Amino acid sequence: MILKISQHKILVLLLLIVTVSCSKQEKTDDGIIKINDKGIPVMQPLQEELPLLSTAFINDKKFSISRYFEKTWSERNDNVSFLVAKNGQIIYENYMGFANKSTDEKITKDTPLHIASVSKVITATAILMLIDAKKIKLDQKVVTLIKNFPYPDVTIQTLLNHRSGMKNYAYFTYENNNWDKKKLLTNEDIIKVMVEKEIPLETKTDTRFSYCNTNYAVLALIVEKITKLKFPVALKEMIFAPLGMTNTHVCDFEKDSQNIVPSYKGNNVEIGTDYLDGIYGDKNIYSTPRDLLKFDKARYAPFFLNPELLKKVYKGYSYESKGTRNYGLGVRIIEFEKGEPFYYHNGWWHGNTSSLITLRKEKVTMIVLSNKFTKKTYQTKKLSSLFGDYPFKLNDNSDE
């Protein structure tokens, strides 16, 4: 009898071990992070359904949003992908204009457009997942990860919140013939130029906020270092594929340059590419509003990040100058004297403009993408007043 009980316990224990091993999950102090068979953290969709919106609520908001859209994007030659959702449910979306004027290809719900600096939100998410999985640390110095990195005080956090003090690679590679403009610049080349040309910091690290694309180009290199995958592959495995973002990819410029959607000036003149178009992390993600909605919704999942790390994402880090604007870890913030903070990220690269707004209290997502230069993209924040106590007015013509 004793022998049978012992054998039974052993069998139960073995089954438990097998079950845990097959799930490929690692338990932390604060939750469970899903890890794939390569040891890489994988973003999980929100499993529980958010409350369904009533028909009356949808119709009321849809009426106001559609009027705003028709008034704002009324010109026949506008190019835009536009979506507003609450609780992950689309209230209103619209797609118009040309993805490619030379081929008469129209923009549809499945057309990936360059999301410019909204890419930073996704790059930051990949880094935060690696931190949460204890692959790296928020306060870890970059010099411990990237060989020959020339700035000893720069940490992952100061890259995420734009307090590294580094100069913009678009400027220091252009100046003094520091780079041959006929050659495509890569993320690795940025480090090479920094070292060989002894590029100094613009300001002492962690003394002030200075928005700088170099920060996120370096973060992409860190993702590659830790995952041992090229950045486009790493983001596909960590975020895009698990969330079903089938129309989203990081542009590998040497492979994809002939297939990407072109961008245009306001007068419809096509804007070509240049030597900076190979850099990713700060930009170079192509996506759709529907895919970005999947991404934003997944950030509400209980174990997206442990609670303490998540708090650090949505707090400001720069208070040297008095004002309402601030920056968290991959997110812009407006901190009003009263009411909820306003979380968003805008983007602009060549003729591409973008805006991702996430009202976290109300679980509202607003996404606007355009491949024809316009500041109208950034006016979308005015719709926030339809959902919460935000001091934006629908008749306000501010573009900032």
Which ranges mark the strands (runs of 3 or more DSSP E) fully within segment 24-135 that have 1 or more residues being under 30 Å from Trp349 (Cβ atoms)?
80-86, 89-96, 98-100
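Yes or no, residue by residue, for (1) within 20 Å of the chain's Cα centre (by Cα); (2) hydroxyl-bearing (Ser, Thr, Tyr):
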position	(1), (2)
Thr324	no, yes
Tyr327	yes, yes
Tyr343	yes, yes
Gly351	yes, no
Asn371	yes, no
Asp389	no, no
Asn395	no, no
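Please work out which residue is modelled with the highest pLDDT, limiting yourself to segment 262-273 and to residues that are part of a loop (DSSP other than H, G, I, E, B) and under 23 Å from the mean Cα position of the chain (by Cα).
Filtering segment 262-273 for residues part of a loop (DSSP other than H, G, I, E, B) gives 262, 265-269, 272-273.
This time we only want the ones that are under 23 Å from the mean Cα position of the chain (by Cα), so: 262, 273.
Numbers: Pro262: 96, Thr273: 93.
Out of the qualifying residues, it is Pro262.
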Among the candidates Ile122, Ile131, Ile136, Ile127, single out the residue that is buried (at least 22 other Cβ atoms within 10 Å of the Cβ) and over 28 Å from Ile260 (Cβ atoms).
Ile131
Of everything in segment 262-305, what is farther than 19 Å from Cys251 by Cα and touching a helix residue (DSSP H, G or I) at 6+ places or on another chain (Cβ under 6 Å)? Give them in sequence order.
Leu305
Out of everything in segment 200-228 that is in a helix (DSSP H, G or I) and of a type in the set (Ser, Thr, Tyr), what residue ends up being farthest from the chain's Cα centre (by Cα)?
Thr227
Confirm whether Phe303 is in contact with a strand residue (DSSP E or B) (Cβ under 6 Å, 6 or more places away or on another chain), more than 22 Å from Ile115 (Cα to Cα) and among the hydrophobic types (A, V, I, L, M, F, W, C).
yes
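Quick one: in segment 191-219, which of the residues that are among the aliphatic types (A, V, I, L, M) and over 27 Å from Gly316 (Cβ atoms) is surrounded by the fewest Cβ atoms within 10 Å (Cβ to Cβ)?
Among them, the one singled out is Val195.
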For segment 332-352, check the following and say yes or no: at least one residue is part of a strand (DSSP E or B), closer than 22 Å to His114 by Cβ, in contact (Cβ under 8 Å) with a residue 12 or more places away in the chain and among the hydrophobic types (A, V, I, L, M, F, W, C).
yes
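This table checks each residue for (1) surrounded by 18 or more Cβ atoms within 10 Å (Cβ to Cβ); (2) more than 24 Å from Ala99 (Cα to Cα).
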{"site": "Leu221", "(1), (2)": "yes, yes"}
{"site": "Cys251", "(1), (2)": "yes, no"}
{"site": "Ser263", "(1), (2)": "yes, no"}
{"site": "Tyr319", "(1), (2)": "no, yes"}
If you go through segment 139-152, how many residues are surrounded by 14 or more Cβ atoms within 10 Å (Cβ to Cβ) and either part of a loop (DSSP other than H, G, I, E, B) or over 25 Å from the mean Cα position of the chain (by Cα) (or both)?
6
Index of the failed condition, Glu308 passing every other in (1) surrounded by fewer than 16 Cβ atoms within 10 Å (Cβ to Cβ); (2) assigned to a loop (DSSP other than H, G, I, E, B)
(2)
Looking across segment 234-249 at residues that are without any contact (Cβ under 8 Å) to a residue 60 or more places away in the chain and buried (at least 17 other Cβ atoms within 10 Å of the Cβ), the single one that is farthest from Lys134 (Cα to Cα) is Met245
If I filter segment 233-261 down to residues being among the hydrophobic types (A, V, I, L, M, F, W, C) and part of a loop (DSSP other than H, G, I, E, B), which single residue comes out as modelled with the lowest pLDDT?
Ile260
Return the pair list, or none, for Cβ contacts closer than 8 Å from residues in segment 369-398 that are farther than 15 Å from Lys61 by Cα to residues that are assigned to a loop (DSSP other than H, G, I, E, B) and of a type in the set (S, T, N, Q), at least 6 apart or on different chains.
Leu369/Thr288; Ser370/Asn79; Asn371/Asn79; Lys372/Asn77; Lys372/Asn79; Lys372/Asn268; Gln379/Asn397; Gln379/Ser398
In contact (Cβ under 8 Å) with a residue 60 or more places away in the chain and more than 21 Å from Ser64 (Cβ to Cβ): is that true of Gly323 in this structure?
no
Within segment 302-316, is even one residue over 19 Å from the mean Cα position of the chain (by Cα) and small (Gly, Ala, Ser)?
no
Tell me the residue from Ser355, Ser321 that is outside any helix (DSSP H, G or I) and in contact with a His (Cβ under 8 Å, 6 or more places away or on another chain), please.
Ser355
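The values are calculated or read from the model by the stated rules, or taken from the named source; none is laboratory data. In this text the structure is predicted, and so the values were computed from the model without any measurement. Note: ideal-geometry Cβ built from the backbone for every residue, glycine included; neighbour counts use all protein chains shown.
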